[in-house]
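Here the structure comes first, spelled out in structure tokens, and everything after it is commentary.
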Amino acid sequence: MSSYASPLLSLPGAVPAEGPDAGVAAHYGDLFREQRSLAKGEGFVDLSHRDVVTVAGPERLSWLHLLITQHVTELQPGHATEALILSAKGHIEHALYLVDDGGTTWLHTEPGQAAALVAYLESMKFFYRVEVADRTAEFAVVWLPAGSIVETPAGVVARETPRGRDLFLPRAELAAFAERVGSPAGALALEALRVEAHRPRLGRETDHRTIPHELGWLETAVHLHKGCYRGQETVARVQNLGRPPRRLVFLHLDGSEVTIPEHGDPVRLAADGPEGRQLGIVTTSARHHELGPIALALVKRNVPADAELLAGTTPAAQEIVVEP
């Protein structure tokens, strides 16, 4: 387990996060206010626990193109994209969030993933003119919501998407940035917005056998008309000849329950009751400032799309994310 602790945990009201977001704040005293601020384009989220890797060199994009699921040979400076690295059997091993600054490709990934990622990339360098580096100790990721009027500091690489802007901020500047910008929001607020947007996360919606089709990652992280990457055969075969064994669903949870289901709790048909056959698992649950308790779950593909479910012991109505 990482021993990292963000300097922003010293801010008033900061409550440390647990699980995959340990090391940063879960919230700063008012979860729903923080969510509402982000939804309005205000505030920021400290993601300094995430790992940062860079790839430099004149052949970086053509080389990365051979290893990842995304088409990046012509990636333009400042254009954000995301990609996966798969196993030989097509299972998801890494989820990467990339931007190129014209000389270096910057990416961030889940906490604790950089060492394995760099080791894999180094093993695939061969004679390519590329330099791979773990920059986690030097740079912290900070997220600004869409619509934010906060300016990107001079010299800082930014990755802008429709949902928000990732800053690769020098760690030495993190505290000063927070003081200048103000209105921090915790990881729980961002997670609630992620669940609302039906966005999967490595280690939450994935396990050792997850393939991209199950989570809707084909639409954002996989280019279906390129080959030459490990696991591509599985991607093409499932896309052209079959359907994935599981599918991601969005759940509206019964708001009368005091607690919400946890990651890994079983999903069953409501009609079968809490002793019924398990058909999937809850992957992420959250309390949303408008929608109430919500969750993402991974269920068997043949679960009826209109079926009422039980998430743990909580009644839940499903909303399709990945078509059955």
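Numbers at a glance
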read-out: Where residue 304 falls short, out of the listed (1) in a loop (DSSP other than H, G, I, E, B); (2) surrounded by 17 or more Cβ atoms within 10 Å (Cβ to Cβ); value: (2)
read-out: Yes/no for residue 247 being modelled with pLDDT of 95 or more and either touching a helix residue (DSSP H, G or I) at 6+ places or on another chain (Cβ under 7 Å) or at positive phi (or both); value: yes
read-out: Selection from segment 269-301 of residues that are in a loop (DSSP other than H, G, I, E, B) and either farther than 30 Å from residue 186 by Cα or within 18 Å of the chain's Cα centre (by Cα) (or both); value: 273, 274, 275, 276, 277, 278, 279, 301
read-out: Selection count, segment 307-324, where residues are over 16 Å from residue 274 (Cα atoms), open to solvent by less than 60 Å² (accessible area, probe 1.4 Å) and part of a loop (DSSP other than H, G, I, E, B); value: 3
read-out: So residue 183, is it open to solvent by 30 Å² or more (accessible area, probe 1.4 Å), within 19 Å of residue 37 (Cα to Cα) and not aliphatic (A, V, I, L, M); value: yes
read-out: Segment 27-42, subset closer than 19 Å to residue 9 by Cα and charged (D, E, K, R), residue surrounded by the most Cβ atoms within 10 Å (Cβ to Cβ); value: 34
read-out: Filter result for residue 208 (under 28 Å from residue 235 (Cα atoms), over 15 Å from the mean Cα position of the chain (by Cα) and surrounded by 19 or more Cβ atoms within 10 Å (Cβ to Cβ)); value: no
read-out: Check on residue 45, open to solvent by 50 Å² or more (accessible area, probe 1.4 Å) and among the β-branched types (Val, Ile, Thr); value: no
read-out: Total residues in segment 95-107, condition open to solvent by 10 Å² or more (accessible area, probe 1.4 Å) and in contact with a strand residue (DSSP E or B) (Cβ under 8 Å, 6 or more places away or on another chain); value: 5
read-out: Where a residue in segment 2-13 is touching a residue at least 24 places away in the same chain (Cβ under 8 Å) and its partner, wherever it lies, is surrounded by 11 or more Cβ atoms within 10 Å (Cβ to Cβ) and among the acidic types (Asp, Glu), with Cβ under 8 Å and at least six apart; value: 6/46; 8/46
read-out: Top-ranked residue of segment 273-295 - restricted to ones that are charged (D, E, K, R) and out of contact with any strand residue (DSSP E or B) (no Cβ under 8 Å at 6 or more places or on another chain), ranked as nearest to residue 19 (Cα to Cα); value: 290
read-out: Members of segment 48-64 that are farther than 26 Å from residue 228 by Cβ and open to solvent by 10 Å² or more (accessible area, probe 1.4 Å); value: 49, 50
read-out: Matching residues in segment 220-239 - criterion: being surrounded by fewer than 20 Cβ atoms within 10 Å (Cβ to Cβ) and touching a Gly at 6+ places or on another chain (Cβ under 6 Å); value: 234
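Condition check ((1) closer than 21 Å to residue 19 by Cβ; (2) open to solvent by less than 50 Å² (accessible area, probe 1.4 Å)) across all residues:
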{"site": "175", "(1), (2)": "no, no"}
{"site": "179", "(1), (2)": "no, no"}
{"site": "187", "(1), (2)": "yes, yes"}
{"site": "191", "(1), (2)": "yes, yes"}
{"site": "194", "(1), (2)": "yes, yes"}
{"site": "200", "(1), (2)": "yes, yes"}
{"site": "214", "(1), (2)": "no, yes"}
{"site": "218", "(1), (2)": "no, yes"}
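The values are calculated or read from the model by the stated rules, or taken from the named source; none is laboratory data. Everything numeric here is computed off the predicted structure, so don't read it as measured data. All Cβ positions, even for glycine, are placed from backbone atoms using ideal geometry, and neighbour counts span all protein chains on display. Surface areas here come from the heavy atoms of the whole protein model, side chains and all, with no ligands, DNA or RNA. Shrake-Rupley method; radii C 1.70, N 1.55, O 1.52, S 1.80 Å.
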